[in-house]
Amino acid sequence: MLGIDVGGSGIKGAAVDLIRGDFATARVRIPTPRHSTPANVARIVAQIVDSFADIDPDTPIGITVPAVVTHGITRSAANIDPSWIDAPAAEIFANQLGRAVVVVNDADAAGIAEVRFGAARGADGVVLVTTLGTGIGSALINRGVLVPNTELGHLEIDGFDAETRAAASVKTAEGLSFAEYLPRLQRYYETLERLFWPDLFVVGGGVSRQAEEFLPKLNLNAPIVPAALLNRAGIIGAAWLAAESI
Ligand code: BGC
């Protein structure tokens with residue numbers, strides 16, 4: 001199965017071995033076009049797909065986007081080009097590639113990958129995966145079943161859209177130390193906990209590489225652990241969700 005991860009700076013793809021839950025080939029990456037409309041992104045995705053010679057033409061390709069996706073239509077564009085709002089993304093990709101695609105939210109893909117193969121493997125009950133990056137993405141998974149498009153990065157907390165206070169990009173933009181960032185994460189995760197009562201939190205995004213700086217200091221009832229698959233999670237989850245759709 002092939003998974004493609006459309007991000008703000010790069011579009012990445014790899015063939016995925018869904019038995020092992022890991023890449024079966026090296027990853028191919030092409031920078032995201034500056035004018036990242038669905039049509040422009042679809043052209044780059046086609047270039048990436050073409051670079052994989054032996055992909056079965058009859059199996060769908062999983063593609064993540066950093067937006068709400070309902071029935072193949074992208075519904076939001078918090079940190080991407082506004083032209084994605086209400087765009088028939090699945091149709092645009094399918095026409096460009098000449099094959100079936102499954103388009104999913106980036107955090108949903110990362111979340112399902114962590115549950116199947118990563119930090120939440122074997123976890124019982126409700127798992128809440130959040131990705132701290134440019135924005136905050138979320139995936140809510142109960143006993144292995146994903147509730148898509150939860151968008152918990154946009155919870156309003158203390159009058160703010162949560163991701164504008166607690167995303168990793170905000171830590172960088174405001175030059176916050178971990179000590180200064182921590183109270184924002186505490187407020188965010190305690191709010192999530194009060195509303196969803198997960199059995200396990202998983203935290204992804206680049207900043208989770210430094211998880212020891214903040215995760216052990218959060219005061220929550222549920223365990224909170226760093227993601228295991230890091231930047232492989234989106235591609236692996238996209239491939240998984242595409243396979244599940246068959
Ligand atoms: C978007 C989500 C996305 C997340 C991570 C948020 O701003 O609304 O759809 O999953 O960023 O990219």
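Each reported figure results from applying straightforward, stated rules to the coordinates on display, with no laboratory input. Because the structure is predicted, anything quoted here is derived from the model rather than measured. Glycine also receives a Cβ, built like all others from the backbone with ideal geometry; neighbour counts cover every protein chain displayed.
Considering (1) within 15 Å of the ligand (Cβ to nearest atom); (2) buried (at least 24 other Cβ atoms within 10 Å of the Cβ), the lone condition that Val115 does not fulfil carries the number (1).
For segment 105-122, the count of residues that are of a type in the set (D, E, K, R), in a loop (DSSP other than H, G, I, E, B) and over 19 Å from the mean Cα position of the chain (by Cα) is zero. Checked against (1) surrounded by fewer than 20 Cβ atoms within 10 Å (Cβ to Cβ); (2) of a type in the set (A, V, I, L, M); (3) part of a helix (DSSP H, G or I), Leu192 passes all but condition (1).
Per-residue answers, yes or no, for (1) surrounded by fewer than 16 Cβ atoms within 10 Å (Cβ to Cβ); (2) farther than 21 Å from Ile11 by Cβ; (3) in contact with a Ser or Thr (Cβ under 7 Å, 6 or more places away or on another chain):
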residue	(1), (2), (3)
Trp197	yes, yes, no
Val203	no, yes, yes
Glu213	yes, yes, no
Pro223	yes, yes, no
Ile235	no, no, no
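Any residue in segment 162-183 that is away from the ligand (no atom under 16 Å from the Cβ) and of a type in the set (Lys, Arg)? Within segment 162-183, not a single residue is away from the ligand (no atom under 16 Å from the Cβ) and of a type in the set (Lys, Arg).
Only one of the numbered conditions (1) near the ligand (Cβ under 10 Å from one of its atoms); (2) over 20 Å from the mean Cα position of the chain (by Cα) is violated by Ala139, and that is (2). Among the residues of segment 211-243 satisfying the criterion of being small (Gly, Ala, Ser) and in a helix (DSSP H, G or I), which is nearest to the chain's Cα centre (by Cα)? Going through the qualifying residues, I end up with Gly234.
In the set (1) within 26 Å of Phe117 (Cβ to Cβ); (2) without any contact (Cβ under 8 Å) to a residue 60 or more places away in the chain; (3) part of a helix (DSSP H, G or I), the condition left unmet by Ser208 is number (2).
Within segment 64-77, how many residues turn out to be surrounded by 18 or more Cβ atoms within 10 Å (Cβ to Cβ) and either of a type outside the set (Ser, Thr, Tyr) or touching a strand residue (DSSP E or B) at 6+ places or on another chain (Cβ under 6 Å) (or both)? Steps first, answer last, please.
At the first step, the residues of segment 64-77 found to be surrounded by 18 or more Cβ atoms within 10 Å (Cβ to Cβ) are 64-69, 74, 76-77.
Subset that is either of a type outside the set (Ser, Thr, Tyr) or touching a strand residue (DSSP E or B) at 6+ places or on another chain (Cβ under 6 Å) (or both): 64-69, 74, 77.
Qualifying residue count, segment 64-77: 8.
If you go through segment 18-36 and keep only what is within 19 Å of the chain's Cα centre (by Cα) and more than 16 Å from the ligand (Cβ to nearest atom), you end up with Leu18, Gly21, Asp22, Phe23, Arg27, Val28, Arg29, Ile30, Pro31.
Residue-wise test of (1) in contact (Cβ under 8 Å) with a residue 40 or more places away in the chain; (2) assigned to a loop (DSSP other than H, G, I, E, B).
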| residue | (1), (2) |
| --- | --- |
| Val170 | no, no |
| Tyr181 | no, no |
| Arg184 | no, no |
| Pro198 | yes, yes |
| Val202 | yes, no |
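When we screen Asp54, Asp58, Asp50, Asp86 for residues that are surrounded by fewer than 15 Cβ atoms within 10 Å (Cβ to Cβ), within 29 Å of Arg121 (Cβ to Cβ) and out of contact with any Pro (no Cβ under 6 Å at 6 or more places or on another chain), the only hit is Asp54. Of all the residues in segment 118-147, those that are surrounded by fewer than 22 Cβ atoms within 10 Å (Cβ to Cβ) and within 14 Å of Ile236 (Cβ to Cβ) number 1.
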